[in-house]
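S.K.: Provided herewith is a single structure, encoded as structure tokens, for subsequent inquiry.
The values are calculated or read from the model by the stated rules, or taken from the named source; none is laboratory data. Remember, it's a predicted structure, so these values are computed and weren't measured experimentally. Using ideal geometry, Cβ is built from the backbone for each residue, glycine included, and neighbour counts are taken over all protein chains shown. Remember, those area values only see protein heavy atoms, side chains included, never the ligands or the DNA or RNA. Shrake-Rupley method; radii C 1.70, N 1.55, O 1.52, S 1.80 Å.
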Amino acid sequence: MNTLCERTQAWLEAVQSEQELPADVDTLQAHLQSCERCQAWQQASQRLDLAVERYTEQALREGAVARVRARLEPEFRRQSERLATPQRLSWFDWRWLSGLGVAAAAAAAALMLYLPMLREGREPVAGWVLLREGQVAVRQGAGTSAAHQEERMLSSGDTIETSDHSDMVLALASDRVALAGNTRVQLQKLTRREVVLQLKSGTVVIDADPKAHQRRLRIEAEFGEVVVQGTLLSVSHAQGGSVSVTHGQVEVRLHDGSRPMRVGAGERLRREGSRFIVEPALTPLVMPWTPAPDVTAPVEALGWLVVTSEPVAAQFEINGQPVGLTPLYVRWPAGHVSYRAVLEGQSDSGELEVIAGQGTHLTLQLSQPSAAEPDTHVTARSALSSRLGKLRTDAAAPDCRTLAERNMRLNQTAQASRWVEAAECYLAERQERQALKLYQRLTKELPRTESAANAWFEIGRLSESLGNASEARAAFSHYLRARPEGTLAGDALFRLCRLNVSEKRFGEARRCLSQYRRDYPGASRLSEVALIEAKIAKEVDEDCRAALPLLEQYLASRPSQGSEEAAFMRVDCLHTLASPALRERGAEFLTHYPHSKYVDKVRAWIAP
Amino acid sequence: MRQPAEHLRPDAEPASGLAFDQALVARCLRGEVGAFDDLYRLHAPKLLRACASLLGDASEAEDALQLTFEYACAHLDRFRGESRLSTWLYGVALRIILNQRRSRSRRQRLRDAVSVEAPQKRRPTDPEQKIVRHQALGEVAHALEKLQDNKRTAFMLHVGAGLKLQEVAQAMNASVQTTFARIKSARAALLSTLDADPTKGGQR
């Protein structure tokens, strides 16, 4: 290739890159027109550029910019919030020097004092898998999945996952965390000062040690984070996120930026539309697959038993009451209990002390006896004695009648909780009829339990929504008789009033409404009560003078988006009474509801 | 000097220069609602194209774009206003892409993913036909992989992503002459690898 060709190609490249052109462009241009090699080079270069552009194009997908924008949304919001917070100070001022010196000395002293505490706080604490049922997996920090065994140590970074029909209970320091089926959690932090658990999916029930004042348990879920201390609660991703608390109080910091919400004992936080609301929780919590017979007792009065046996699947009884198959974890009121485990004709029994706020491990040997081996009972008991040192054999038997009554009640409470849980599951799946059947069965078979009263309310609510007004009325009446001061009593009474009106039981409806006004003077539903009363006054009593102030009361509580029907009733009453306010109210009605079916009527009334 | 907010609409093309960039950055640093959106809307399309040209893979390009903006949002206070904001962003993207390439054995992955034809014994003599034959993207990817990092980056940003020579030079923290030389060298190497340079290979 001659020098002229090289210069021509350099010129062509300069043109492509918008660079300074050589002085002899005309010569080079003339050469290009005559030289086939340079022309071929130019074409090859252009085709190369085209190929590179195609290479770029194939790596661009449609909607990629918008897709990445959606991924960046939380980051943008977070950064905007961070930067919007005033945090900057003006630059150094010499006058601060003395103050800074004092502050630095104080900080150094504080650090010296605080460091050991900090180190102690960061010290890892024990975490292990207490019990499991079904197929579960523990993924260690590195990501290796391993079949899992009881009493395996856990550490920060581990991910624990349950599958269908499996549960497990973790012991994180002295707190207990139960994972329902199809749940995935990651242990973010496991230290003396703080335990942080990230709930990725499913539901966990947490029984936080009330005595662990120095440690904070935090659950991070998709909708927010829950800070726990000494509480029994569940956190779930189901239905957009919910938190139910049985004992104690928790603080929920929602990710939507709203103020932290407090959820107390007997309350439930759940999503309704785009916001979260706190409402009464109908079901006291139980740890999954744990009998937990008396969770309504004060938490200070409960201890727990962890029972394992060799072989497993022994029927375990406490105070003569079957509580499940080993291995199991059970909460029990503190005190002296007798226990018995039975498996294929082999049994072991004894007595021990359940200590409030503490766990007691019980390991039983139920293997076949042989001539060479000592008696199974002796083996089990000696093992227990050495392990627990809490075994007492000389305690007097409790009063049988007291025991029987208490155990029957405990058993029923546990049973009722299970039924409610199942009914709520049906409700979550929108199978109202199935849920209704379960609640009805609960009220029939376990009528004296706490859950049965709440079940009456649920029956009323479901029957009302399914169009069975008479059954709904009866159910709400049952609830009000059983729990006249209950958290749902106001709601039940209002619904009962509404049902009475719909069934044209106006006498009962009047009594009911006046009772509601008397018992709940500050209730938010008083305006709706006024509307119902106004309807009765206007349509039954044909007393527009009585109806008007009630309608005014109702409409005043809904200034802009008031009920169309109520507004029309007001105009109708004014028309009946030939009131001078008719024209003004009529015009107002026409302004607010220009497409109403009553427009023609109102126009006719207010026409001059 | 701070510009009034109404002058900072993203649809007003970022031709307004450094003052515009500084005003936009100031809005972001004040935590003004929508400022990051404006930043993204202005620069994301071009940055995505640059990432795509350098990585040759849609998923990786989107990841790189995301990482670039995450970094930019968190460290926007490091933008000193000495160059255009777009240049600073390209610099961030280049570092991220370089890290991506280092952390993954992309060369191997491309070799596996893209089917490369075996070299043919009988080569057509017409260079145009050769380029047509080698337009198969796998061949181009293969040829690009053979280039030195800085030459490939300069060439792809200029030819693939359509950046001006000055922009490429600033993003790569090099002079315009050096960048031009890199692009020229990359072009020659590519034509040679693709066997499409009529001035070489004893074709005449």
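S.K.: List the residues, sorted by chain then number, that are 5 or more residues from A:E194 or on another chain and whose placed amide H is less than 5 Å from its amide H.
M.R.: HN-HN under 5 Å from A:E194: A:R216.
S.K.: While we're on this one: How large is ³J(HN,Hα) for each residue in the stretch A:177-184, as worked out from phi by the Karplus curve 6.51 cos²θ - 1.76 cosθ + 1.60 (θ = phi - 60°), to whole Hz, x for Gly and Pro?
M.R.: Whole-Hz 3J(HN,Hα) from phi for the stretch A:177-184: 10, 9, 9, 6, x, 6, 10, 9.
S.K.: Tell me, what HN-Hα J-couplings in whole Hz come from the Karplus equation 6.51 cos²θ - 1.76 cosθ + 1.60 at θ = phi - 60° for each residue of the stretch A:510-515, using x for Gly and Pro?
M.R.: So the Karplus estimates, Gly and Pro as x, are 4, 4, 4, 5, 5, 5 Hz.
S.K.: Report, by chain and number, residues whose modeled amide H sits under 5 Å from the one on A:G303, excluding near sequence neighbours (fewer than 5 apart, same chain).
M.R.: Residues meeting the criterion, in which the H sits 1.01 Å from N, are A:W332, A:A334, A:G357.
S.K.: Averaged over its residues, how many other protein chain Cβ atoms are within 10 Å of peptide B:155-168's Cβ atoms?
M.R.: Numbers: counts 3, 3, 0, 4, 11, 9, 3, 2, 0, 2, 5, 2, 0, 1.
Mean partner-chain Cβ count within 10 Å for B:155-168: 3.
S.K.: How much accessible surface does A:V278 have with a 1.4 Å probe, in Å² rounded to 10?
M.R.: Counting only protein heavy atoms, A:V278 exposes about 60 Å² to solvent.
S.K.: Which of A:I532, A:Y554, A:Y520 sits farthest toward the positive end of the charge dipole of the stretch A:465-561, with +1 on the Cβ of Lys and Arg and -1 on the Cβ of Asp and Glu?
M.R.: A:Y520
S.K.: Which cross-chain or sequence-distant (5 or more) residues have an amide H under 5 Å from the amide H of A:V323, H modelled 1.01 Å from N in plane?
M.R.: The list, which skips near neighbours in sequence, is A:F316, A:E317, A:I318.
S.K.: P(r) of the stretch A:3-56 in 5 Å steps, Cα pairs, percent per bin?
M.R.: Over the stretch A:3-56, the share of Cα pairs per 5 Å bin runs 4, 20, 28, 23, 14, 6, 4, 0 percent.
S.K.: Can you give the alpha-carbon Rg of the stretch A:463-527 over 2.2 N^0.38 Å, where N counts its residues? Each step should come with its number before you reach the end.
M.R.: On the way: Rg = 11.2 Å, N = 65, 2.2 N^0.38 = 10.7 Å.
With N residues counted in the stretch A:463-527, Rg over 2.2 N^0.38 Å equals 1.04.
S.K.: Along the positive direction of the dipole of the stretch A:399-523 (beta-carbon charges: Lys, Arg +1; Asp, Glu -1; about the Cα centre), which of A:F476, A:V420, A:A435 reaches farthest?
M.R.: Positive-most Cα among the choices belongs to A:F476.
S.K.: Give the accessible area for A:H361 in Å² (nearest 10); use a 1.4 Å probe, count only protein heavy atoms, and leave out ligands, DNA and RNA.
M.R.: Number for this one is 50 Å².
S.K.: How big is the charge dipole of the stretch A:399-523 about its Cα centre, in debye rounded to the nearest 20, if each Lys and Arg gets +1 on its Cβ and each Asp and Glu gets -1 on its Cβ?
M.R.: Details: 22 positive and 16 negative charges, 90 e Å.
The dipole of the stretch A:399-523 has a size of about 440 debye.
S.K.: Follow-up. Quick one: what are the phi-derived ³J(HN,Hα) couplings along the stretch A:346-352, Karplus 6.51/-1.76/1.60 with θ = phi - 60°, whole Hz, x for glycine and proline?
M.R.: 3J(HN,Hα) across the stretch A:346-352, in whole Hz: 8, 9, 9, 9, x, 9, 7.
S.K.: Go through A:K437/A:K535; A:K437/A:K504; A:K504/A:K538 and tell me which ones have a Cα-Cα distance over 23 Å in this structure. Provide the component values of the computation, followed by the final result.
M.R.: Values: A:K437/A:K535 35 Å; A:K437/A:K504 28 Å; A:K504/A:K538 14 Å.
From the list (A:K437/A:K535; A:K437/A:K504; A:K504/A:K538), the Cα-Cα distance tops 23 Å for A:K437/A:K535; A:K437/A:K504.
S.K.: Considering only protein heavy atoms, what is the solvent-accessible area of A:K200 at a probe of 1.4 Å, reported in Å² to the nearest 10?
M.R.: My reading of the accessible area for A:K200 is about 80 Å².
S.K.: Also, I was wondering about something else. Quick one: net charge around A:Q431, please, counting Lys, Arg +1 and Asp, Glu -1 for every other residue with C-beta under 14 Å from its C-beta.
M.R.: Values: positive: A:R430, A:R433, A:K437; negative: A:E424, A:E429, A:E432, A:E458.
Neighbour charge sum, excluding A:Q431 itself: -1.
S.K.: In addition: Could you give the semi-axes, largest first, of the ellipsoid that matches the stretch A:179-282, computed as the square roots of 5 times the alpha carbon gyration tensor eigenvalues and rounded to whole Å? List each step's numbers first, then the result.
M.R.: Numbers: eigenvalues 78, 49, 34 Å².
Value: 20, 16, 13 Å, ordered largest first.
S.K.: Let me know the whole percent of all Cα-Cα pairs from the stretch A:528-608 that are separated by more than 19 Å. Could the numbers behind the result be given before it?
M.R.: Values: 1013 of 3240 pairs.
When all Cα pairs of the stretch A:528-608 are counted, 31 percent exceed 19 Å.
S.K.: Please arrange A:D600, A:D348 by accessible surface area, largest first, computed with a 1.4 Å probe and ligands excluded.
M.R.: Working: A:D600 115, A:D348 0 Å².
From most accessible down to least: A:D600, A:D348.
S.K.: OK, next. Averaging the inverse of every distinct alpha carbon separation and then flipping it gives the Kirkwood radius. What is it for the stretch A:399-523, in angstrom units?
M.R.: 15.4 Å
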